[in-house]
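The values are calculated or read from the model by the stated rules, or taken from the named source; none is laboratory data. What you see is a predicted model, and the numbers here were worked out from it, not measured in a lab. Glycine gets a Cβ as well: all are built from the backbone with ideal geometry, and neighbour counts include every protein chain shown. In case anyone asks, the SASA skips ligands and DNA or RNA and just uses the protein heavy atoms, side chains included. Shrake-Rupley method; radii C 1.70, N 1.55, O 1.52, S 1.80 Å.
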Amino acid sequence: MQSVEKIVNGKELFLKPEYQAVFEAKKEFEGMCGACDSAKVQEVSEWTKTWDYREKNLARQAITVNPAKACQPLGAVMASLGFEKTMPYVHGSHGCVAYFRTYFTRHFKEPTPCVSDSMTEDAAVFGGLSNMKEGLANCKALYKPEMIAVSTTCMAEVIGDDLNAFVLSAKAESPELLAETPIPFANTPSFVGSHITGYDNMLSSIVATLTEGNIKEEKEERINIIPGFEPYLGSIREVKAIVGAFDMEFVTVADHSDQWDIPAGKYEMFSGGTTLAEGKELGNAKATISLQKYATKKTMKFVKSKFKQEALFANPIGLKGTDAFVMMLSRLSGKEVPASLRLQRGRLVDAMQDSYPYFHDKKFAIWGDPDFLLGMVAFLLEMGAEPTHVLCHNAPSGWEKEMRELLDTSPAKDKCNVWAGKDLWHMRSLLFTEPVDFMIGNSYGKELMRDTGTPLIHIGFPIFDRHHLHRYSISGYEGALNLLTWTTNKILDVMDEETKQIAKTDFFFDLIR
């Protein structure tokens, strides 16, 4: 047990005799059922590393073992917190909302505002109308948000709660609290799509609600930038700096960069975000650029059809992707690329040339969200690496074809594989049968690293077991330099380990004085 004289962390706490005794007793109990036959476990473990098991594993369709995605309401919460003084409200069970809050809090190391109407057994049978009436009124009275963004969990979706009718009923019952409060809502069932689907559903609902009745025929010089489901706060700030370098008027749509980065000693429940006044004017800009095509499909479809403005896509990860974004801004602004960006680009190209020899022919396995993967794989190809396994669990329609076309630009295209709709247990089979030099992915790759011995480079979402990476950018020229630094130094770390035998392998030239 803990002692007040010396508080220890979990690493040391569970080494104490009382906890070890519990583990031994648990092992003995489970062994009675035959689950701890070490010889059998070892035999099965070795079989799962074979091609025979790989074929059976890849044929698996009815179950997910180790997901590389999260559920829809999680994305809805991020989209909601990108707007000023907006409270995410989840119509569903309390446990689900606790999961969303802790998920973001563990990644960003910051509190995550989000409320729930805590549906229980009675609501599952009779519907959650009373929960929502009381919940919305309590939310407004207690936290005083200027907007409440409603999403759903599986429970509300399975019983078919009518969100539109529920919101209207809640407003009618508490007009003094809710009549003037915008309440956009989105159906976000967890058993369909992923967190990027939920982000898109919620964002499109918020944009539609705020711009209703405010769209004019005559457009202004301003542009809109949508970062998408962006777990790197530094990326949002970097993109704003790039657009600002052109001295353009712009609005960052769903900007959550301040919400999860509040200075010490000044905590506020809501911080930063796109103002509601800015949100109402989104339809009057001359163009909208989405930086995540697959995370904003529904939103951009709405922008194109309702706003009658240019709906553009860019993915400013890596050199080529950032170049395309910068040239797009140059066209929209009618200005030359600023000298500051030219300088950043030149420095990046110089750094890429310095590190290129260490990437050449290196094999990588990588997983994550569809837009992230398109940017990261493009960056790896620019550095001469071979993305041997590219896995996207939440791959939308069209993504696999686009990724294949990108890989086909590599001289090593025949050795590069796309795995759409597969999970990290599939990745384990791939790593044992077709090993790679490095993995790039989120914290859930740690067990793969321990299991297969493949070094992991922490880039993606979520990152629970490393601190402050989310503060950096992976977008723009500065972001590409961060990617280059993290990846090159991991390659050098491994080379150091492989060349540390005295008078035998310790001739690695970077260590010679």
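Select, from Val303, Val326, the only residue that is at pLDDT 95 or above, aliphatic (A, V, I, L, M) and under 25 Å from Gly198 (Cβ atoms).
Among Val303, Val326, only Val303 is at pLDDT 95 or above, aliphatic (A, V, I, L, M) and under 25 Å from Gly198 (Cβ atoms).
How many of the residues making up the range 438-471 are over 17 Å from Thr485 (Cα atoms) and in a loop (DSSP other than H, G, I, E, B)?
8
Taking the range 373-390 on its own, how many of its residues are open to solvent by less than 30 Å² (accessible area, probe 1.4 Å) and in contact with a strand residue (DSSP E or B) (Cβ under 9 Å, 6 or more places away or on another chain)?
10
Would you check which residues across the range 155-168 are part of a helix (DSSP H, G or I), among the small types (Gly, Ala, Ser) and closer than 22 Å to His94 by Cβ and list them?
Ala156
Quick check on Lys298: is it touching an Asp or Glu at 6+ places or on another chain (Cβ under 7 Å), under 30 Å from Gln353 (Cα atoms) and not in a loop (DSSP other than H, G, I, E, B)?
So Lys298 fails the test.
Working only within the range 355-391, note down all residues that are in a strand (DSSP E or B), touching a residue at least 40 places away in the same chain (Cβ under 8 Å) and over 16 Å from Leu484 (Cα atoms).
Those that are in a strand (DSSP E or B), touching a residue at least 40 places away in the same chain (Cβ under 8 Å) and over 16 Å from Leu484 (Cα atoms): Ala365, Trp367, Thr388, His389, Leu391.
So, in the range 129-167, of the ones that are within 10 Å of Phe185 (Cβ to Cβ) and in contact (Cβ under 8 Å) with a residue 60 or more places away in the chain, which residue ends up surrounded by the most Cβ atoms within 10 Å (Cβ to Cβ)?
Looking at residues that are within 10 Å of Phe185 (Cβ to Cβ) and in contact (Cβ under 8 Å) with a residue 60 or more places away in the chain, I get Ser151.
Please name all residue pairs, on different chains or six or more residues apart, with Cβ atoms under 8 Å, provided the first residue is in the range 309-330 and is in contact (Cβ under 8 Å) with a residue 60 or more places away in the chain and the second residue is assigned to a strand (DSSP E or B) and not β-branched (Val, Ile, Thr).
From the range 309-330, the pairs are Gln309/Ala285; Gln309/Lys286; Gln309/Ala287.
Before we move on, is Gly193 closer than 18 Å to Tyr294 by Cα and open to solvent by less than 10 Å² (accessible area, probe 1.4 Å)?
no
Find the helices (runs of 4 or more DSSP H) located wholly in the range 1-104 whose residues include 1 or more that are within 28 Å of the chain's Cα centre (by Cα), of a type outside the set (Gly, Ala, Ser) and surrounded by 10 or more Cβ atoms within 10 Å (Cβ to Cβ), and list them.
51-58, 72-80
Residue by residue through the range 168-190, note down the ones that are surrounded by fewer than 21 Cβ atoms within 10 Å (Cβ to Cβ), of a type in the set (Ser, Thr, Tyr) and under 26 Å from Ser271 (Cβ atoms).
The one that is surrounded by fewer than 21 Cβ atoms within 10 Å (Cβ to Cβ), of a type in the set (Ser, Thr, Tyr) and under 26 Å from Ser271 (Cβ atoms): Thr181.
State all residues of the range 362-372 that are surrounded by 23 or more Cβ atoms within 10 Å (Cβ to Cβ) and not aromatic (Phe, Trp, Tyr); if no residue qualifies, say none.
Across the range 362-372, the qualifying residues are Ala365, Ile366, Gly368, Asp369, Pro370, Asp371.
Going by the conditions given, is Pro231 at pLDDT 95 or above, open to solvent by 10 Å² or more (accessible area, probe 1.4 Å), not hydroxyl-bearing (Ser, Thr, Tyr) and not in a helix (DSSP H, G or I)?
Yes; evaluated as a whole, the condition is true for this residue.
With Ser204, Ser174, Ser190 as the choices, which residue is closer than 30 Å to Gly368 by Cβ and at pLDDT 95 or above?
The conditions single out Ser204.
Return yes when Ala311 is closer than 25 Å to Glu230 by Cα and open to solvent by 20 Å² or more (accessible area, probe 1.4 Å) and no when it is not.
Yes; evaluated as a whole, the condition is true for this residue.
Condition first: within 21 Å of the chain's Cα centre (by Cα), buried (at least 17 other Cβ atoms within 10 Å of the Cβ) and free of Cβ contacts under 8 Å to residues at least 60 places away in the same chain. Now tell me which residues in the range 411-442 satisfy that.
Val418, Trp419, Ala420
Restricted to the range 280-300, and to residues that are of a type in the set (D, E, K, R) and touching a strand residue (DSSP E or B) at 6+ places or on another chain (Cβ under 8 Å), which residue is nearest to Pro370 (Cα to Cα)?
Lys293
Inside the range 117-128, can you point out the residues that are among the aliphatic types (A, V, I, L, M) and more than 32 Å from the chain's Cα centre (by Cα)?
The answer is Val125, and nothing else.
Suppose we keep only residues that are in contact (Cβ under 8 Å) with a residue 60 or more places away in the chain and hydroxyl-bearing (Ser, Thr, Tyr) within the range 443-484. Which one would you say is surrounded by the most Cβ atoms within 10 Å (Cβ to Cβ)?
Checking each candidate, the answer is Ser475.
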